[in-house]
1. Restricting to the range A:128-150, give me the number of residues that are away from chain B (no Cβ under 14 Å), acidic (Asp, Glu) and in a loop (DSSP other than H, G, I, E, B).
2. Could you tell me whether the range A:152-169 includes any residue that is in contact with a helix residue (DSSP H, G or I) (Cβ under 7 Å, 6 or more places away or on another chain), over 17 Å from A:Gly48 (Cβ atoms) and open to solvent by 70 Å² or more (accessible area, probe 1.4 Å)?
3. What is the residue count in the range B:58-72 for residues that are more than 13 Å from chain A (Cβ to nearest Cβ) and either surrounded by 15 or more Cβ atoms within 10 Å (Cβ to Cβ) or at pLDDT below 95 (or both)?
4. If the Cβ limit is 6 Å and pairs must be 6+ apart or interchain, which residue in the range B:60-80 that is on the phi < 0 side of the Ramachandran plot pairs with which residue that is open to solvent by 70 Å² or more (accessible area, probe 1.4 Å) and assigned to a strand (DSSP E or B)?
5. Of everything in the range A:61-118 that's open to solvent by 30 Å² or more (accessible area, probe 1.4 Å) and among the aliphatic types (A, V, I, L, M), which residue is nearest to A:Glu132 (Cα to Cα)?
6. Given the condition part of a strand (DSSP E or B) and within 14 Å of another protein chain (Cβ to nearest Cβ), answer yes or no: does some residue in the range A:154-162 qualify?
7. Do we find that A:Gly197 is in a helix (DSSP H, G or I) and surrounded by 24 or more Cβ atoms within 10 Å (Cβ to Cβ) in this structure?
Amino acid sequence: MKSAVITFPGSNCDRDMHVALNKFGFKNQMVWHNDNELPKSDLVVLPGGFSYGDYLRCGSMASKSKIMQSVINFAKSGGLVMGICNGFQILVESGLVPGVLLRNKYLEFICKNVFVKIDSKDNPYFKNLDKEVFELHIAHNEGNYFCTNDQLKEIQDNNQVAIYYCNDNGKTEEKFNPNGSLNNIAGIFNKEKNVLGMMPHPERMIDESLSGEDGSIFFKNLLNNIK
Amino acid sequence: MKVSAIITLKKDVLDPQGKVIHQTLDGMGFKDINEVRQGKYFEIDVKENDPKKAQKIVEDMCNKLLANLVIENYKIIEIQ
């Protein structure tokens, strides 16, 4: 299975994602933001970081990069596109998933492990997983998900919430919400569920001796789902 | 022409930075504040001499990049 990770100026999780994808059997290729065409891929990943220094709004400049037109076309034709952290911000700014990511409620940069609960497995990313609660790492300043009431209704009607912040038992209460995001939302899909944006970093949880292996479970399952 | 535009957060969107500025001003002795909202200001010099056309160009920029219309409004405040 082939994957492509896009490197924007200021991306800093692109190499981690490359290592993670290769570790679990993808043949990954790094793609520069100024390229016009995506290589033939089964999965495209927009990585975390601080693309364009987070100028104007996080992800806003990167969403207008040359390569993004190809990424948008790939997504519109049903291709799997995953945006992690700054990649999620780029996805919302490019209109591939609804809503925006605002400054964290208490204005602090949050860097810690959190628990997230998978809402629905009716999608190519989470189907066949045998657990619902994952421990993943977050590191962001703008992860406070927000959308209009109309958008929220549509998101809920279409089961587009991918993951919620929760505790280790899967309880999704406000006190387990690290950044003030609407309804504890940590990640969402587009309507067709081929585009996934989420704040947590699965690529940081792929080694027991570092921080944990819940990311490994996610990547192994994703590869099997795509095969 | 020089076109000036301001971008403000919509009414229902939480503005944590504005809130902190409010609290700090309050701590400095400015006790008469109801609310502080923070926004952005752009001054764009466009290669267009017709004010109406210049305004249109900057409005287009606001719609496509400078503002995110899910959370922000924009207003052209000056053309000179």
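The values are calculated or read from the model by the stated rules, or taken from the named source; none is laboratory data. Quick caveat, the model's predicted, so the values are computed rather than measured. With ideal geometry, Cβ positions are generated from the backbone for all residues, glycine too; neighbour counts draw on all protein chains shown. Side chains are part of the model used for accessible areas, which takes the heavy atoms of the whole protein and leaves out ligands, DNA and RNA. Shrake-Rupley method; radii C 1.70, N 1.55, O 1.52, S 1.80 Å.
1. Residues that pass the stated criteria total 2.
2. No, there is no match, as no residue in the range A:152-169 is in contact with a helix residue (DSSP H, G or I) (Cβ under 7 Å, 6 or more places away or on another chain), over 17 Å from A:Gly48 (Cβ atoms) and open to solvent by 70 Å² or more (accessible area, probe 1.4 Å).
3. The qualifying residues number 2.
4. B:Gln80/B:Lys2
5. A:Leu107
6. If we filter the range A:154-162 for residues that are part of a strand (DSSP E or B), which is where we start, we get A:161-162.
Retained after the next criterion (residues that are within 14 Å of another protein chain (Cβ to nearest Cβ)): none.
No - not one qualifying residue is present in the range A:154-162.
7. Details: in a helix (DSSP H, G or I): no; surrounded by 24 or more Cβ atoms within 10 Å (Cβ to Cβ): yes.
Answer is no for this residue.
Rundown of residues vs (1) at positive phi; (2) out of contact with any His (no Cβ under 8 Å at 6 or more places or on another chain), yes/no style:
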residue: A:Thr7; (1), (2): no, no
residue: A:His18; (1), (2): no, yes
residue: A:Gly25; (1), (2): yes, yes
residue: A:Pro47; (1), (2): no, yes
residue: A:Leu56; (1), (2): yes, yes
